[in-house]
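The values are calculated or read from the model by the stated rules, or taken from the named source; none is laboratory data. Note that the structure is a prediction, hence the values are computed from the model and not measured. Cβ placement follows ideal geometry from the backbone for every residue including glycine, while neighbour counts extend to all protein chains displayed.
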């Protein structure tokens, strides 16, 4: 599967496939995280479609950045 192009990265909303590539995880993993509430990963519902903002994912990753091995 190819990485999203620069043009795709400039769009405000992306599919779970594109965001899964960004997070280096499987698209289904994003669905599990969203449905189980395992992680507070922001998303937008548009009808039946689920979209993720790149800016939200970057902020989410920043909050998860750790200086040590502590997980708390």
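Let me spell it out: the conditions are (1) modelled with pLDDT of 85 or more; (2) surrounded by fewer than 12 Cβ atoms within 10 Å (Cβ to Cβ); (3) out of contact with any helix residue (DSSP H, G or I) (no Cβ under 8 Å at 6 or more places or on another chain); (4) in a loop (DSSP other than H, G, I, E, B), and residue 25 meets all of them except one. Which number is the exception? Failing condition for residue 25: (2).
Scan the stretch 51-59 and tell me whether some residue there is at pLDDT 90 or above and more than 14 Å from the chain's Cα centre (by Cα). No, the conditions are met nowhere in the stretch 51-59.
Can you confirm whether the stretch 61-71 contains a residue that is surrounded by fewer than 14 Cβ atoms within 10 Å (Cβ to Cβ), at pLDDT 90 or above, in a helix (DSSP H, G or I) and over 14 Å from the mean Cα position of the chain (by Cα)? Checked the stretch 61-71: no residue is surrounded by fewer than 14 Cβ atoms within 10 Å (Cβ to Cβ), at pLDDT 90 or above, in a helix (DSSP H, G or I) and over 14 Å from the mean Cα position of the chain (by Cα).
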